[in-house]
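Comments concern the structure below.
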Amino acid sequence: MSASDIAGLIRNRAGTEPVDTGLILGSGLSSFADGFEGVSIDYSDLDGFPHAGVSGHNPTLFIGQIGAKRVAIFGGRSHYYEHGKADIMRLPLEVLAELGASEMIATNAAGSLHPHTPPGDLMLIRDHINFSGLNPLIGEPTDRRFVNLVDAYDPGIRRKLADCAADEGIAIKSGVYAWYSGPSFETPAEILAIQTLGADAVGMSTVPEVILARFLGMKAAAISVITNMAAGMSDESISHEHTKAMAPIGAQKLSRVLKRYLAGGFVLD
Ligand code: HPA
């Protein structure tokens, strides 16, 4: 099914009102949509949607009103490391654009490279380093592939998210996220390398989604929930189980920030 066919199916089930904001929920963060009124659609009903089978993700698309915004929430994402496809999230993001969204906010669990940003902290991504060398637009035949990534993480949305965090009394850092392909975690030497290059956090997602969102004309923003110190930076052992166990601590803060942001119904500039 094409993105416009899938968008039509979603409108049939959830109503035709355009979506304002798309949210992508990361590992251990998939409960954000719980308790809101709206329509949930299994990815398996959306022909061509990726499976999003990593534990800690919920392969459901929620459409509903949260505060002032009509929101599409992707309860799970697919990662490059599941399929070897950097553009695995292209169809969901095309659908989001078809539904009318002007902005996409991604969330993720990430390892911290910063001694002053411990597990449980939030980091607003200000820029990224594509350490994977992969790109979701490889193979795109049009000149639209040459996407400008200056201010890819929209400064206006970042300012508003930072204000929302401050209003909630939540400290939020701002930093650079490095995309590592995964699924193995990084070596301590790799962490030292990306630290030297200027990264503050590391993870296995988000970067391809932000590139795709910009390609599709949507504004983008992203927040990391720090679940661990990156490899070699602490004695704690790194594992996916640990990520899932730690994510809810930061996720509580993240959901307060996001709810306030959506409730505000900010006019986009
Ligand atoms: N590295 C990569 N991805 C991650 C990490 C990490 O340390 N923690 C959570 N996701």
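The values are calculated or read from the model by the stated rules, or taken from the named source; none is laboratory data. From a predicted model like this one, the values you see are computed outputs, not experimental measurements. Cβ: placed from backbone, ideal geometry, glycine included. Neighbour counts: every protein chain shown.
Figures for the structure shown
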item	result
Lone unmet requirement of (1) surrounded by fewer than 24 Cβ atoms within 10 Å (Cβ to Cβ); (2) more than 22 Å from Pro248 (Cα to Cα); (3) in contact with a strand residue (DSSP E or B) (Cβ under 8 Å, 6 or more places away or on another chain); (4) not aromatic (Phe, Trp, Tyr) for Arg90	(3)
Check on Ile223, in contact (Cβ under 8 Å) with a residue 60 or more places away in the chain, within 11 Å of the chain's Cα centre (by Cα) and within 16 Å of the ligand (Cβ to nearest atom)	yes
Selection from the stretch 192-208 of residues that are in contact (Cβ under 8 Å) with a residue 24 or more places away in the chain, surrounded by fewer than 19 Cβ atoms within 10 Å (Cβ to Cβ) and hydrophobic (A, V, I, L, M, F, W, C)	Leu192, Leu197
Criterion: crowded, with 22+ Cβ neighbours inside 10 Å and closer than 27 Å to Gly133 by Cα - qualifying residue of Gly56, Gly26	Gly26
For Asp151: the one exception among (1) part of a loop (DSSP other than H, G, I, E, B); (2) in contact (Cβ under 8 Å) with a residue 24 or more places away in the chain; (3) within 17 Å of the chain's Cα centre (by Cα)	(2)
For Lys173: the one exception among (1) within 14 Å of the ligand (Cβ to nearest atom); (2) within 20 Å of Gly26 (Cβ to Cβ)	(1)
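Conditions tested, residue by residue: (1) buried (at least 21 other Cβ atoms within 10 Å of the Cβ); (2) under 21 Å from the mean Cα position of the chain (by Cα); (3) assigned to a helix (DSSP H, G or I).
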{"site": "Ser4", "(1), (2), (3)": "no, no, yes"}
{"site": "Arg11", "(1), (2), (3)": "no, no, yes"}
{"site": "Gly22", "(1), (2), (3)": "yes, yes, no"}
{"site": "Phe32", "(1), (2), (3)": "yes, yes, no"}
{"site": "Phe36", "(1), (2), (3)": "no, yes, no"}
{"site": "His51", "(1), (2), (3)": "no, yes, no"}
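Yes/no matrix, rows are residues, columns are (1) more than 28 Å from Gly264 (Cβ to Cβ); (2) surrounded by 14 or more Cβ atoms within 10 Å (Cβ to Cβ):
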position	(1), (2)
Asn135	yes, yes
Ala162	no, yes
Gly169	no, no
Pro183	yes, no
Glu190	yes, yes
Arg214	no, yes
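Here's the yes/no breakdown for (1) over 16 Å from Tyr177 (Cβ atoms); (2) in a strand (DSSP E or B); (3) at pLDDT 95 or above:
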| site | (1), (2), (3) |
| --- | --- |
| Lys85 | yes, no, yes |
| Met104 | no, yes, yes |
| Gly120 | yes, no, no |
| Asp127 | no, yes, yes |
| Gly139 | yes, no, yes |
